[in-house]
Structure formats: C-alpha cells, structure tokens
Amino acid sequence: MSLAIPTASRVESSGSRRLFVPILIVIVAILGAATIWHDELFHRGTSDEVASKPDEIASDSKSAFDPARTVVLTEEKLESIDLQLDRVERRSVPTQVTVSGMVSADPNRYLEIHPRVVGVIRSVVGEIGAVVKKGDPLAVIDSVDVGKARLDLRARQRELATARAEAAWKQEVARNVDAMIPLLRANAPAKEIAERFIGKSLGSFRAVLLGGYSDLEIARHEEEKQTDLFKKQIVGEHPYYLAIHTREGKQAKFEAELEQARFDAAHQQKLADLEVRNGEAAVIDAAQRLRLLGVPEDIPALLAANPATLSPDEERNEDVTSYTVVAPFDGTILAREATTSQRVDVADVLFKIADASEVRLQANFPESELSLLPKLVDARLQVTANAYPGRTFEAKIIGIGSEVDPESRSVPLRATLPNPDGLLKIGMFVRIVIDGTSKEEALTVPADAVVEIDQKTGLFVPDPAPRTYHFQRVEAGREVDGRRIIRGRIDPGRTVVASGAFALKSELILQNEVDEE
C-alpha cells in the first residue's frame, strides 16, 4: 500500500498541471480584454482632451477665429477702407533697460492751501479725492479781520458817493455860471436873466452876480438921469460927474465879481473832482486790503456801486465776517486738514491740492547704464505701470543730475508725463523702459497693425475666404522705428493688416453689438 499511494498522487498531480494551463490562458485573456475595455471607456476622452488642450496663447490663437472675432466685409465696405497688408518680421532690436521710478506732483501744479486770516472754520466743503475747478469753495471761515476790512470798504464807498454827489452839483453850478456871464455882459435886463435861471443851480453865485448886476443897472440909470439934467442945466457938474464915477465904480466892481465867480465856480468843481478821485482811491485801497486777506473783490463793480441803494435790513443781514477758501486752480484734493469749528491761523495747512493733468516722474538712473543718457535727452521715455498692463505712457526728460549718489550709485532723473485721464496717481511706482546698447531678436509688426479690443491687444490676419479677417491676440511690446514688438503664437512671415486695422476694429465691435441685440 505504501507504493500505491505515491503512484496515485503522481497521477493526480499530473492531471492538475494539465488542467491549470488552459485556466491560466483564459485568465490572461480576460485581464487583457478588461484592460483594453477600461482604456477605451475611461482614458480615451481624457487623453484626447490633454492632447488637444493648448496653452493660454494657443487657446487665444484658436479663439481668434471664432465668429465673434471675425469680420466679413461687404464689397462696398472693403472699397471704402484703405487696407494695406504687411508681414510679421523678425528683426534685431535693442535690448531693454528697466529703471524703477515714482510718480510725483508737478511742483508748479501743487499747492498747500493756508488761510490768510485768523478765524474759526464755519463749514468744510472739499473732501479728499474730489476734483475741483478754479474758484470752487473748499471751506468757509469766520474772520474778524475780514469783517473789519469789509466795513471799512463800505464806509469808503459811502464817502465816494457823497463826493460824487457834491461834484455833480458843483459841476452844474460852474456850467450855469458860465452860461449866465455872457448874458450879463450883453446888458440883458436883470429880470429876464433871473427868470431864465429859475430852478437852475447857482449856489451863492446867484446873489453875487444878480446883486452886482442890479447895482450896476441902478448906477447906469442914475448916470443917464444926471447926464440929462446936466445937459438941461438943471444940475451942476458935481452930481453929473458923481453919477459917472459911481457907474464906473460899479462897472469895475461887477467885472471883478464876474471874473471871481467864474474862477470860484471852476475851482470848486476841480476840488470836488479831486475829492471824487480821492474817494475812488480810498475804495480801491480798501478793496486791495480785502484782496490781501484772500477775499476777491471786483473793483470796477465796487466803484460803480451805490451803497445808498442798500436797505437797512440788507446792511444788518450782510455776512461781513465770511471768508471763503477757494481752489486756486483746477485739480484734485490730495489731503484735508480742515475741520468744522477749528480755530486756524495763517500757518495752518487746510488742504493740499494738485493738478494731476500733468505729473512728474522721479527715478534714479544706475551708474552702469550712464552711457544711455546722452541719447535720452531729446527722446521720449516709455513708462509702464503694474496697474495698467499692456499700456505705455510717454514721458519727456526735463532734467538729469550731474552727480552720482555715493550710496545708490545712481544719477537722479526727472521727467514730465501728460496725465489727462488721471490714471497715474501721485506716489505710484512705475517702470521706465529704455533701449539698451545690445541687440536681441524679436517679432515685429507695423505699429498701426496693433489694436486693442476689450482691453486685449491683437492683430487682424486675413482669411483665405474673400473679405474675411480674424482678430488674433498677441502681447504687444514697445515701439521701435515705427514697428511694435509682439509675442504670441504667430509665425514670422505671416500676413497681417497694417493700415486699416482700426477700421476693422470698429466693424468688429459694431458687428458684435448687432449680434447681441
């Protein structure tokens, strides 16, 4: 029995091996099929996505041929647009040197506003960041000094009004005296002369002239009577000659009165005119004192005004102590130190205001790049800011330092930048991009070929289809010799629209607006 058992075991073991091989083959086949089915089911789509997923610029390049970025022109529109094509060219351009800088206010357009008087702030209008125009009110101050100056001005105006009234009256008197004297010399009847000048201003000259003329007429009448009596020998020589000498005396006295009256009337008129001029000077001086306190006054209007036209209520209710602080020029309020009920002096800063339509650029130019400075003197600096990617500002150099800072090993550089839209803020950091002395290869296109749509820069490329153009995004860099440096998925030699790109941009924007409607 001991021999039979091993025999049976060997037979069984041999059968098991023959059965295991087919089973193993079946299992391997099933695993292979499962693997293939799993790949087809779970990995085919993902692999295709990964294979077809471009990078960001490639995606932009593809999207440039979307309908929303495609312009199809009509024959008429194509004829009206002067399209000129050019090619993407690889050129050798100067390398860039970047210098950090900071935007600052133009000292000629920046001002710290102080009050010119001592007082208490009644109200504050100006706020930080507010855009103001020249003459806009910023704050109102109650000032005793301003009140005193205004009251003094009113007093001088009243004195001027009085002087003018007196001068007008004396001018009329002098005119009437000049008109009466010829009548008196013509020996017109005294009654007729008196009646002619009834109601006309003559002042004390009426009595002097008419009284003297009456005395002269009596003397003449007496002379005539004594002459007639003497000729008839009714009276002797004495009454006759007495009448003659009396008339001559009255005649001489009257002539003297006429000359004196003419002189006195003219002299009084001159004195009155002088008082008017002195009164006008006093009003101007009072107005100038208000101007020194920062209160603008219209001097011609003050000279023409008549304070007598103000009613007592208007004079009582006049706000004489009010002093308004106004903006000295168009600008933006950078800081406000004024508060209501604050007592202020002439040394206090109430506001800081700057006209940011043009700003200054301050930078330190490194010593290692000083060789670039000579060619920058008359050139425009290209300035960029992190706040506005893809946008370039132009600055003009107004000064280059002549001394190297021993610590920073740099030279100060000052430039001015137009800032009409106010994008550049005081204190903002910027970068100055300057062409260096070395060269680099870069893709370039005509400067007019680069346009911006929805804050994205790009080019229009023609399609094989007629009158069809696509907007393709690229990154636009600086301009060199009339061409812009670009970066993107675009090959050298590619045809692009140069002149007329802006017209295509307008057509694309209009087309998309119509589609949205």
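The values are calculated or read from the model by the stated rules, or taken from the named source; none is laboratory data. Only a predicted model underlies this, so the values are computations on that prediction, with no experimental measurement involved. Don't worry about glycine lacking a Cβ; one is built from the backbone with ideal geometry, like all the others, and counts go over all protein chains shown. With ligands, DNA and RNA removed, areas are computed over all heavy atoms of the protein, side chains included. Shrake-Rupley method; radii C 1.70, N 1.55, O 1.52, S 1.80 Å.
Hey, any hits in region 136-145 for a residue that's assigned to a strand (DSSP E or B), of a type in the set (Gly, Ala, Ser), in contact (Cβ under 8 Å) with a residue 24 or more places away in the chain and out of contact with any His (no Cβ under 8 Å at 6 or more places or on another chain)? Yes, region 136-145 has at least one match. The listed residues are Asp264, Asp215, and the only one of them that is modelled with pLDDT of 90 or more and acidic (Asp, Glu) turns out to be Asp264. Scanning region 252-272 for residues that are among the acidic types (Asp, Glu) and either open to solvent by less than 50 Å² (accessible area, probe 1.4 Å) or touching a helix residue (DSSP H, G or I) at 6+ places or on another chain (Cβ under 7 Å) (or both) yields a count of 2.
One residue stands out in region 494-517 among those that are more than 27 Å from Gln382 (Cβ to Cβ) and either open to solvent by less than 40 Å² (accessible area, probe 1.4 Å) or of a type in the set (D, E, K, R) (or both): the one that is farthest from the chain's Cα centre (by Cα), namely Thr495. For Gly249, the conditions (1) assigned to a helix (DSSP H, G or I); (2) surrounded by 14 or more Cβ atoms within 10 Å (Cβ to Cβ); (3) in contact (Cβ under 8 Å) with a residue 24 or more places away in the chain all hold with the exception of (2). When the residues of region 271-295 are filtered to those that are without any contact (Cβ under 8 Å) to a residue 24 or more places away in the chain and closer than 17 Å to Arg154 by Cβ, the one that is nearest to the chain's Cα centre (by Cα) is Arg291.
For region 204-227, the condition holds for at least one residue, the condition being that it is among the basic types (Lys, Arg) and free of Cβ contacts under 8 Å to residues at least 12 places away in the same chain. Screening the candidates Gly482, Gly477, Gly458 for the property of being surrounded by fewer than 20 Cβ atoms within 10 Å (Cβ to Cβ) and either among the small types (Gly, Ala, Ser) or in contact (Cβ under 8 Å) with a residue 12 or more places away in the chain (or both) yields one hit, Gly482. When region 429-452 is filtered for residues that are β-branched (Val, Ile, Thr), touching a residue at least 60 places away in the same chain (Cβ under 8 Å) and open to solvent by less than 70 Å² (accessible area, probe 1.4 Å), the ones remaining, listed by number, are Val430, Ile432, Val433, Ile434, Thr444, Val445.
Could you check region 219-234 and list, in sequence order, the residues that are exposed (fewer than 13 other Cβ atoms within 10 Å of the Cβ) and either aliphatic (A, V, I, L, M) or within 30 Å of Lys170 (Cα to Cα) (or both)?
Residue satisfying the conditions is Ile234 alone.
When we screen Asp178, Asp215 for residues that are loosely packed, with under 14 Cβ neighbours inside 10 Å and not aliphatic (A, V, I, L, M), the only hit is Asp178. From the list Pro374, Pro389, the one residue that fits, being modelled with pLDDT under 85, of a type outside the set (D, E, K, R) and not in a helix (DSSP H, G or I), is Pro389.
Scanning region 273-297 for residues that are assigned to a helix (DSSP H, G or I), open to solvent by less than 80 Å² (accessible area, probe 1.4 Å), closer than 30 Å to Ala327 by Cβ and aliphatic (A, V, I, L, M) yields Val283, Ile284, Ala286, Ala287, Leu290. The single condition from (1) open to solvent by less than 40 Å² (accessible area, probe 1.4 Å); (2) within 30 Å of Ser100 (Cα to Cα); (3) in contact with a Gly (Cβ under 6 Å, 6 or more places away or on another chain); (4) not β-branched (Val, Ile, Thr) that Leu417 fails is (3).
For Glu237, the stated conditions hold: it is surrounded by fewer than 19 Cβ atoms within 10 Å (Cβ to Cβ), modelled with pLDDT under 90, over 27 Å from Ala161 (Cα atoms) and of a type outside the set (Ser, Thr, Tyr).
Can you go through Lys133, Lys170 and tell me which one is basic (Lys, Arg) and open to solvent by less than 70 Å² (accessible area, probe 1.4 Å)? Selected residue: Lys170, the only one of Lys133, Lys170 that is basic (Lys, Arg) and open to solvent by less than 70 Å² (accessible area, probe 1.4 Å). So the check is Cβ under 7 Å with 6+ separation or different chains; which pairs have a first residue in region 112-131 that's under 16 Å from Gln342 (Cβ atoms) and a second one that's acidic (Asp, Glu) and not in a loop (DSSP other than H, G, I, E, B)? Close Cβ pairs (under 7 Å, with a partner that is acidic (Asp, Glu) and not in a loop (DSSP other than H, G, I, E, B)) amount to Val117/Asp145; Val118/Asp145; Gly119/Asp142; Val120/Asp142; Arg122/Asp142. Those residues that are over 14 Å from Leu111 (Cβ atoms) and part of a loop (DSSP other than H, G, I, E, B), I need them from region 345-371; list them, please. The answer is Asp345, Val346, Ala347, Asp348, Ser357. Check Gly203 against each of (1) in contact with a Leu (Cβ under 8 Å, 6 or more places away or on another chain); (2) open to solvent by 30 Å² or more (accessible area, probe 1.4 Å) and name the one condition it does not meet. Failing condition for Gly203: (1). Among the residues of region 341-372, those that are more than 23 Å from Pro418 (Cβ to Cβ), open to solvent by 70 Å² or more (accessible area, probe 1.4 Å) and touching a Lys or Arg at 6+ places or on another chain (Cβ under 7 Å) comprise Val346, Glu367.
Could we say that Ile426 is in a loop (DSSP other than H, G, I, E, B), surrounded by 14 or more Cβ atoms within 10 Å (Cβ to Cβ) and either without any contact (Cβ under 8 Å) to a residue 60 or more places away in the chain or of a type in the set (A, V, I, L, M) (or both) here? Taking the combined requirement at face value, the residue satisfies it.
When Glu479 is tested against (1) farther than 21 Å from Glu369 by Cβ; (2) in contact with a helix residue (DSSP H, G or I) (Cβ under 7 Å, 6 or more places away or on another chain), only condition (1) is not met. Just wondering, is there one or more residues in region 149-159 that are within 58 Å of the chain's Cα centre (by Cα) and within 30 Å of Ile353 (Cα to Cα)? Scanning region 149-159, I find at least one residue that is within 58 Å of the chain's Cα centre (by Cα) and within 30 Å of Ile353 (Cα to Cα), so the answer is yes. Per the conditions (1) of a type in the set (A, V, I, L, M); (2) closer than 29 Å to Arg154 by Cβ; (3) open to solvent by less than 50 Å² (accessible area, probe 1.4 Å); (4) at pLDDT below 90, the sole criterion not satisfied by Ala327 is (4).
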